[in-house]
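The values are calculated or read from the model by the stated rules, or taken from the named source; none is laboratory data. Keep in mind that this is a model prediction, so the values were computed, not measured. With ideal geometry, Cβ positions are generated from the backbone for all residues, glycine too; neighbour counts draw on all protein chains shown. Surface accessibility is based on the protein's heavy atoms, side chains included, excluding ligands, DNA and RNA. Shrake-Rupley method; radii C 1.70, N 1.55, O 1.52, S 1.80 Å.
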Amino acid sequence: MSIPKIVLFYVFTPLPDPEAIRLWQHTLADSLHLRGRVIVSAQGINATLGGDLPDVKRYVRAMREYAPFKAADVKWSDGVGDDFPRLSVKVRDELVTFGHPAEVVVDESGVVGGGVHLSPAQVDELVAERGLASQGGEVVFFDGRNEMEAVIGRFADAVVPETEATRDFVAELESGKYDELKDKPVITYCTGGIRCEVLSVLMKNRGFQEVYQIDGGIVRYGEARGTDGLWDGSLYVFDKRMHQEFGPNARSLGTCVECGKPTADYVNCVDQSCRRQFLRCRACTAAGAHPSCGHCAPAA
């Protein structure tokens, strides 16, 4: 019986020949019938792949045989089958496209000058010791994802920047909106941790004094704390599942645009030229065609 699994990992490390790594990764993943996305750059590798459990295990073993990737923190989750439409392995200038590659310096230990890594337990300890800023304390959670992702789940009283794409973050940081946070302990977070490796550098370069990042991102925190910690809601993921929960009692913070009931289910705008998604519960979707996202003219 097929057991679909998804693996997510990244490694920041200097790669002198990204194209050679791309060819190896494509050949390896394709030979094992894996699908998903792999990005390779001179900064390292970022991968999300899915397939049958034995094949995914073979991939991880082979990937770790390359010394720079040996210590990769591989995050496993259950798939649903055919989780990705195809295999894509590409070389890019940046592992995460913030648009400022010159600010990211990488050595064999990872990103240089980023935020302090905190384990899930250390996140809870920091908040317990210094309190949330929204409750008279100091600590602020800062969402490192696109604004849409935060609608269905986020950390307690988190600051959610107005971003549609990762490239929007630098303009947000330089807008002055968050200057009052520059002398506070700021915990950045994102899905698996990779975006915060870069975001924390960009923040420190712009005057944020005490910047942290969650080791392994929301995924590792959710695995450790379930619904008992500071994370609330569903996690947006970039595969067929669309969202992930960390316990049977987890409930999305998002609501259906039609009936207002809680849902974590995104649908595509009915306008074929629009790439936006919006929340619509399964019952409303089953009842009729998808409406527009609200940014487009309603379908004729």
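So here's what we get for this one:
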read-out	value
Meets criteria (open to solvent by 10 Å² or more (accessible area, probe 1.4 Å) and not in a helix (DSSP H, G or I)) for Val40	no
Residue selected from segment 176-202 under the condition more than 15 Å from Val104 (Cβ to Cβ) and assigned to a helix (DSSP H, G or I), by the criterion most open to solvent (accessible area, probe 1.4 Å)	Glu180
When residues of segment 94-111 are limited to those that are part of a loop (DSSP other than H, G, I, E, B) and of a type in the set (A, V, I, L, M, F, W, C), the one farthest from Lys204 (Cα to Cα)	Leu95
Members of segment 209-232 that are of a type in the set (Gly, Ala, Ser) and open to solvent by less than 10 Å² (accessible area, probe 1.4 Å)	Gly216, Gly217, Gly222
Of the criteria (1) open to solvent by 30 Å² or more (accessible area, probe 1.4 Å); (2) within 24 Å of Val201 (Cβ to Cβ); (3) of a type in the set (A, V, I, L, M), which one Ala128 fails	(2)
Among residues of segment 131-159, those that are within 27 Å of Cys269 (Cα to Cα) and open to solvent by 50 Å² or more (accessible area, probe 1.4 Å), counted	4
Filter result for Glu162 (part of a helix (DSSP H, G or I), open to solvent by 40 Å² or more (accessible area, probe 1.4 Å) and not small (Gly, Ala, Ser))	no
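Every residue, every condition in (1) open to solvent by 80 Å² or more (accessible area, probe 1.4 Å); (2) in contact with a strand residue (DSSP E or B) (Cβ under 8 Å, 6 or more places away or on another chain); (3) among the basic types (Lys, Arg), yes or no:
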residue	(1), (2), (3)
Leu8	no, yes, no
Leu15	no, yes, no
Gln25	no, yes, no
Ser31	no, no, no
Gly36	no, yes, no
Ala47	no, yes, no
Arg61	yes, no, yes
